[in-house]
1. In the chain, which longest range has no GluC sites (Glu not before Pro) that are both DSSP loop (not H, G, I, E or B) and surrounded by at most 14 other Cβ atoms within 10 Å?
2. What percentages, rounded to whole numbers, describe P(r) for the range 131-249 computed over all alpha carbon pairs with 10 Å bin width beginning at zero?
3. How far apart, in nm, are the 7 Å Cα→Cβ label points at residue 133 and residue 328?
4. Quick test of your reading: applying the under-4.7 Å Cβ rule, which cysteines of the chain are isolated?
5. Restricting attention to the range 106-207, which trypsin sites (Lys or Arg not before Pro) occupy a DSSP loop and are surrounded by at most 14 other Cβ atoms within 10 Å?
6. Quick one: 3J(HN,Hα) in Hz for the range 141-152, Karplus 6.51/-1.76/1.60 with θ = phi - 60°, rounded, Gly and Pro as x.
7. Quote the relative contact order of the range 131-249 in percent (integer), defining contacts as alpha-carbon pairs under 8 Å separated by 6+ residues.
8. Of all DSSP beta bridges located in the range 131-249, what percent are antiparallel, nearest 5?
Amino acid sequence: MTRTPDYEVVVVGGGPAGMTVALYATRLGHRTALVDREGGRYESVAAVHNLLGVSEETSGREVTELGIEQLTEYGADYYADDVREVDRVDPGEADADAESAAGGRGFRIVGDRATLRADRVVLATGFTDVPPQVRGLRRFVGRGLHYCVHCDAYALGDEPVFVLGTDDHAAQVALLLLNFTADVDLLLDDAEPAWSESVAEQVAAHPVDVVDDRVDHAFADDAEDASNPPLGGLEFGDGRTREYAGGFAIHGREYNNGLAADLGCDLEDDGAIAVDENRETSVAGVYAVGDVTHGQNQTPVALGDGAYAGIALHEDLRTFPVAADELDRLDDLDAPAMADDLRARMRRVREVDDYAGMTPEER
């Protein structure tokens, strides 16, 4: 019979929030697995911004690869897999196709390549940007086309920039960019504005140019690197062109909430997964972290979410201290509570750290 691996914590999604949960859970002594679909949104980030101590030249893929190395060094298991289903399992349920060492767990996580069981599940599945409908514009993601104004406005200051969109959010992004440059175009792409009356008053009062014309296509800058040039500008339906240093496509986002919805987790009105202060959902034992809960699109915010959830999971799962009304259980418990193999990892990592801190004479 095929054995189904058992974990205390399984994290679905390998962005910065998911990896941080897995890192905390592993270092706090819980058998943990991270399941990550290859080619996720964070891996496509060309340069990670606003992350203290990390070079602006560092890509999301580089952060991801380093995170996987850290996790596996501490003893977490990493699965490159696409999770298709998460369902609850009765504690005593026997799986006809699996032999569970723990006699059944709270959740079954089913991927294309592997099936796992876990006491707790963390969903870090993020969101997907609705792409712009302008021909050729998507090829300039990270080299002129941006989605995070708090990350990338800094790089566009004092240059002509555009915002492509028609709703309140698009208008507010255009107004926000006036803090960085005096040359902001709000492009409607031959559509009617959908912003509210109050936002319409703001747009009319601020020095933002609202352009009604259809945006026909994007063109590249005449750069030396012809294979991967930055954005040069946009051509409109009447043949007029305008050079831009960059801009933002604001067409909304789609939260990757399918696994949460299937489990019965409450969702916010916009589709984000609803969580409490511990990042736990309305379904006991199911946590959610990162962009799928708020869409902030910020690496430091995601890291904070992961840390909060990792500590909350530890407080939920740890063996000690035993509650005052359950002290009679102490006779059946052994200390330390961390599994032998994870403690062995802990000792090895500590020895490496000690060795690294020694002088050549001490070594």
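Bear in mind these aren't lab numbers, they're just calculated from the coordinates by the rules spelled out. On a predicted model such as this, the values are computed, not experimentally measured, just so you know. Virtual Cβ from ideal backbone geometry, glycine too; neighbours counted across all protein chains shown.
1. Answer - 100-223.
2. 14, 48, 32, 5, 1
3. The two pseudo-label positions are separated by 6.9 nm.
4. 265 - these cysteines have no disulfide-compatible partner (Cβ-Cβ under 4.7 Å) in the chain.
5. Listed in order of number, the matching sites are 113.
6. After applying 6.51 cos²θ - 1.76 cosθ + 1.60, I find 4, x, 10, x, 9, 10, 10, 10, 5, 6, 8, 10 Hz.
7. Rounded, it is 32 percent for the range 131-249.
8. Antiparallel: roughly 35 percent of the beta bridges in the range 131-249.
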